[in-house]
Structures are given as C-alpha cells and as structure tokens.
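Since the structure comes first, as structure tokens, the remarks are kept for the end.
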Amino acid sequence: MKEVLEYLETNHDSMLEELKEYLRIPSISTGTKNTKDIAKAADFTQKQLKKIGLKNVKIHKTKGHPIVYGEWLGAKGAPTVLVYGHYDVQPVEPLNLWNTDPFDPTVKDGKLFARGSADDKGQVFIHFKVLEAFMKTQGKMPVNVKVVVEGEEEIGSPNLVTFLNKNKKMLACDTILISDTHMEGEKKPTITYGLRGLTYLQVDVTSAKGDLHSGTFGGSIANPIQVLSEILVKCKDPKTSKVKIPGFYKDVVPLKKKEREELAKMPHSDQKFAKSIGAKKTFGEAGYTTVERTGSRPTFEVNGIWGGHTGDGVKTVLPAEAHAKVSMRLVANQDPDTIARLFTDYVKSIAPDTVKINVTLYDNNGNASLSPIDSPGMVAAQAAVKKVYKKAPFLTREGGSIPIVADMQKALKAAPVLLGFGLPDDNLHAPNEKMNIVQITNGYKTVTHWFEEYAKATAK
Ligand code: BES
Ligand code: MN
Ligand code: MN
C-alpha cells in the first residue's frame, strides 16, 4: 500500500505528461469529423491498459466508436470491480472563448486546462495509474479488475448497451467504479449516489410552403414561431416551475424525509452558487431546495430554438418554420421512452390545427440511476475519502447523466460507486475546461485506498 502511494508520488511528473498526450487527441464523438482521432484515443487507451499489465486487452469495434476492454483476474475468490470511463469528449466551440488551445493541455495555477481534462480522460486516467501502481509495486491487485472505456458517452452511449448484453459473462462484476462526477470543493469531498436520466426531442412547426410577406399574410396565416412558443410555454408552469405534461411525475420516486435531511447537509449556498456562474439568482420547482432540484427532481429544458430572421438588420417576414430542441432530465423511476411519448402526445394535443407539427426523438436517451449507499463499494468509498480528506464525504445526487450506469446496474446486477474528482467550476462541455492537479493527486490516493478498503471489506 505504502509502495503504491510512493509509486504514484515518484512518477507524478511523467504521468502528467502521459495524461497530456491523451488530452492532445481531439476525440470528439459527435459528428464524423474526428473518427480518426477517436481511433487514436482508443489506441492510446489500449496501450494504457497493456501498460498496467491487464490481460485480454482489446479494442472492440461497434457500429459507432470502439470500446476498449482489459481485465486482471488473478485474485482468486475475491470480488470483481469493473472500472468504467469514457475517452470521448465534447466539441470545443466557441473556440474564441478558450484562453488556450483546447487540445494543447496547459498547466496554470495548479490547474490543467484542456478539453477532456475533467470529463473524462483526466478522471479515468487516475484509475489507469492506480492500477499500474498496484501491478508495478505488488505484482497484483487487491481484487479482480475489469476496465471498460468507451468512446460514445457524450452522445448517449448508443452502442454500449448492445455490447453489454452480448458480453454479460465477460463483464460480470460485483461493483462498478466510476470517476466521472464532481465534488463540492477541493476540501468538500462528495460521493454521488444518484444520476439523472434524459430524453431529447425536436419539435418542428410549419405553416405555409415558404416564407411569406408579413404585411400581406400576417394576421391571416399562423406564425410558426408564435405557435411553437405557446406550446413550449404550456410545458411548464411559470409560477411553480412544475412540468405540465400530463403523467410526467407519475413514476418519480419521492424524496424521503431522511434523504432530504441528509441532502440539506450539503455545504450549499444559493447566493454563492448563483454568483459563481454569474446569474442573478436561482429559481426552480416550488417546494424544493436547489440541491434537491438538481439531483432529485426532473426538469424540462429548451436547449435551442430557431426560425425566421435572425441575421443583421430587419426583415418583415412571416416565417414558414420554427424549430426547438428540448430535453427533459429525469429521475428514478421515470422511463425515458414513456416520457418522450407523453411529451409528444401532449404537444400534439395542444397544437392548433393551423400548422403542421412534427416531434422527433433523438437517440441519446438514458435512464436515471440510484446506487444503494450501503453497498460494500460505497462503504469503502466513504472510508477511503475519510483517510485522504480527513473528513467524511457528503452524499449527494447529481443533476448530470451517465445513462449507461443504470443499464450496467441492471444487466450486471452490480452496485455502482460514483467516486468523482471533478469540481463544480471545471467548465465541463464549455470553454476552458480544467482539472485541478490536486484533484488528480488526491484522486490517486483515494482510489488506492478504495481498492484496499474494498478488498478488506469483502475478504472472506
Ligand atoms: N460526466 C458527465 C456527467 C456529469 C456531469 C456528471 C456533471 C456529474 C456532473 C457526462 O460525460 C455527461 O456529460 N453526460 C451527458 C449525457 C448525455 C450526453 C446523454 C449529460 O449529462 O448531458
Ligand atoms: Mn463524463
Ligand atoms: Mn460530459
């Protein structure tokens, strides 16, 4: 154990250089422009797994981007941990808002700036190096380990479920360990036990066969932008922020009193939170706190809306079309397909008969997940955090989604542990994404302790 930690300390600089190499690969998963870079990142991942000393290391082709797998099953009688992460990243636009090149990793004030530094290359890399440290210094791991790193998380993991169901035996495990979430602060360790789900749709409204003169036709032909806006407004109550789609809340697991008490312990201030992102103040569903709203309650969001004249100057036009992309963050036990259907039915039921309405579903749907907080992996996570941070972690539910967690939980009947080392101000999916170096080094230590604690707790 001591040697493992020493290995990680001694090799810190060269490991950071390796991580930078990983981050230089622009493995953007959406679109088709970066297919070669995706292959490069998969190959880099494969080399990392081989370097650890994992067996059966392989790049598994899918209909989309490849999945990298490796395993070490030398701990007879011990349980099996499946480490999951993703090597794909989000696009980098708007480029002009980055202070440094997103794919030229730069350390400044103890922070590593690059696309993917926190989400998720920098975090999955922590596992590569801890496993490597165990193998190099002990010649073995405390438990059996399987590693799955995919390249489609940021587009909703469309091919991982098939891979999962086809390879249930290969992927069989007791615990799923993931570092792809964040903590409240450098000194406010947090373990996540819930993630939200997602359903994503587009609404297209059309009236005439082409744009019209707004003087000749305005007032006699419906304006699709107006119609679309009215539809969207009817999806959410402006006073209570409750989603008005009939049946939307039907399957939501309500927050228990005890859980609300626990969540209230999070060191959260609405004012500071609003200020940190430059917003005037917080808002949200009546009857819930901000912590509850983001992690434990579902929401309806308009992600984009367009149509008509948006260019320079003026144009008196009656547009023929209007479009909106909308998504709903879901919580356990809402089913994304059911919610998508409820939304589609509702939109069609409230749409006037003056326009044509089309609702299409995107395929980056995902289920919410809830991890039992008393599983051996979760107990080990709390003990490991205590060892490194000298205080007990906060337990919370996260607003973001890692849809595959619920699928793995179900298919493999294993308990997830979301032990993330990001921070709320890491700028995920945004310009100037970063990971604090101390989060990486504390991550090395915490994951090392986690393996020790988990092995101890599960030893027969
Ligand atoms: N790592 C994030 C999820 C996340 C974000 C966890 C913030 C904790 C805090 C993940 O890579 C992600 O961005 N997921 C997408 C999923 C979607 C594309 C299906 C998300 O949440 O939007
Ligand atoms: Mn991620
Ligand atoms: Mn992400």
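The values are calculated or read from the model by the stated rules, or taken from the named source; none is laboratory data. Keep in mind that this is a model prediction, so the values were computed, not measured. Note that we place each Cβ from the backbone using ideal geometry, even for glycine, and neighbour counts take in every protein chain shown.
List the pairs whose first member sits in segment 224-241 and is of a type in the set (S, T, N, Q), whose second member is surrounded by fewer than 14 Cβ atoms within 10 Å (Cβ to Cβ), and whose Cβ atoms are under 6 Å apart, counting only residues at least 6 apart or on separate chains? Going by the 6 Å Cβ cut-off, the qualifying pairs are Thr240/Ala286. Check Asn358 against each of (1) polar (S, T, N, Q); (2) modelled with pLDDT of 95 or more; (3) in contact with a helix residue (DSSP H, G or I) (Cβ under 6 Å, 6 or more places away or on another chain) and name the one condition it does not meet. (3) is the only condition that Asn358 fails. Highlighted here are the strands (runs of 3 or more DSSP E) found entirely within segment 348-460 that include at least 2 residues which are more than 16 Å from ligand 2 (Cβ to nearest atom): 356-361, 394-397.
All conditions but one from (1) touching a Cys at 6+ places or on another chain (Cβ under 7 Å); (2) in a loop (DSSP other than H, G, I, E, B); (3) of a type in the set (Phe, Trp, Tyr) apply to Phe300; the one that does not is (2). Taking (1) at pLDDT below 95; (2) not assigned by TED's automatic domain parsing to the domain that holds Asp88 in turn, Asp425 satisfies each apart from (2).
The set of residues from segment 177-189 being surrounded by 15 or more Cβ atoms within 10 Å (Cβ to Cβ) and either under 20 Å from Gly77 (Cβ atoms) or away from ligand 1 (no atom under 16 Å from the Cβ) (or both) comprises just one member, Leu177. Taking the stated definitions as given, is Thr441 within 17 Å of Gly295 (Cβ to Cβ), in the same structural domain as Met141 (by TED's automatic domain parsing) and not basic (Lys, Arg)? It is false that Thr441 is within 17 Å of Gly295 (Cβ to Cβ), in the same structural domain as Met141 (by TED's automatic domain parsing) and not basic (Lys, Arg).
Is it true that Gly64 is within 16 Å of ligand 1 (Cβ to nearest atom), under 16 Å from Asn436 (Cβ atoms) and either within 16 Å of the chain's Cα centre (by Cα) or not in a strand (DSSP E or B) (or both)? No: the conditions fail for Gly64. Being under 23 Å from Val203 (Cβ atoms), in a loop (DSSP other than H, G, I, E, B) and touching a Leu at 6+ places or on another chain (Cβ under 9 Å) is a condition met by at least one residue of segment 309-328.
What about Asp374, is it without any contact (Cβ under 8 Å) to a residue 60 or more places away in the chain, in the same structural domain as Pro393 (by TED's automatic domain parsing), surrounded by fewer than 15 Cβ atoms within 10 Å (Cβ to Cβ) and more than 18 Å from the chain's Cα centre (by Cα)?
Taking the combined requirement at face value, the residue satisfies it.
Checked against the criterion of being part of a helix (DSSP H, G or I) and under 20 Å from the mean Cα position of the chain (by Cα), the candidates Thr30, Thr45 yield just one match: Thr45.
Restricting to segment 132-176, and then to whatever is farther than 30 Å from Ser327 by Cα and among the acidic types (Asp, Glu), can you tell me which residue is farthest from ligand 3 (Cβ to nearest atom)?
Asp174
Listed conditions (1) buried (at least 24 other Cβ atoms within 10 Å of the Cβ); (2) of a type in the set (Asp, Glu); (3) out of contact with any strand residue (DSSP E or B) (no Cβ under 9 Å at 6 or more places or on another chain) are all met by Glu132, apart from (1).
Look at segment 420-442: where a residue is over 18 Å from Ser401 (Cβ atoms) and a partner is within 14 Å of ligand 2 (Cβ to nearest atom) and in a strand (DSSP E or B), sitting 6+ places away or on another chain with Cβ atoms under 6 Å, you get Leu423/His182.
Kindly indicate whether any position in segment 160-176 is assigned to a strand (DSSP E or B), under 22 Å from Asn442 (Cβ atoms) and either of a type in the set (D, E, K, R) or within 16 Å of ligand 1 (Cβ to nearest atom) (or both). Looking for residues that are assigned to a strand (DSSP E or B), under 22 Å from Asn442 (Cβ atoms) and either of a type in the set (D, E, K, R) or within 16 Å of ligand 1 (Cβ to nearest atom) (or both), one finds at least one in segment 160-176, hence yes.
If you take the residues of segment 409-460 that are over 23 Å from Gly116 (Cα atoms) and under 19 Å from the mean Cα position of the chain (by Cα), which of them is surrounded by the fewest Cβ atoms within 10 Å (Cβ to Cβ)?
So, considering only residues that are over 23 Å from Gly116 (Cα atoms) and under 19 Å from the mean Cα position of the chain (by Cα), the one surrounded by the fewest Cβ atoms within 10 Å (Cβ to Cβ) is Lys410.
Screening segment 76-118 for residues that are within 16 Å of ligand 1 (Cβ to nearest atom) and within 20 Å of Asn442 (Cα to Cα) and picking the one that is surrounded by the fewest Cβ atoms within 10 Å (Cβ to Cβ) gives Val83.
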